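Working notes, beginning with the structure itself.
None of the figures in this text is laboratory data; all of them are computed from the coordinates on show. This is a predicted model, so every value here is computed, not measured. Cβ placement follows ideal geometry from the backbone for every residue including glycine, while neighbour counts extend to all protein chains displayed.
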Amino acid sequence: MNQTRKQVSIAVLQTRILTVPAAVLAVVISLVAVLPASAHDAPSGSEWVMADWMFLSFVIFAGAAFIAFLFALKSGLLSNLEDAKYYVLEIDESDYYTPDWAKTEGDT
């Protein structure tokens, strides 16, 4: 009787060992079969969502840049741009860029 129980428990264990991978395989196959169909479920018009926010962000940044340009134009920041370079040339500073040996060679 003890031998029969052992054989039955081994048979049950073998069927459980084979049933678990079969169940996992069935779940994986069903998910793989369903995923491509559910991947394309989207509301109508959703293909334009990315284009909408890209256009909206362009309009916002371009509008802000245009307003900043108008402000700079009206406040006079863009007038007389050529005179700005002459002010920099009039600043009296010591020469940091020319080495001493180059200054002495030019004098002789």
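If you go through segment 68-92, how many residues are under 39 Å from the mean Cα position of the chain (by Cα) and assigned to a helix (DSSP H, G or I)?
7
Only residues in segment 46-70 that are free of Cβ contacts under 8 Å to residues at least 40 places away in the same chain and at negative phi count as the first member; pair them with residues that are surrounded by 10 or more Cβ atoms within 10 Å (Cβ to Cβ) and aromatic (F, W, Y), Cβ under 6 angstrom, at least 6 apart or cross-chain, and list the lot.
none
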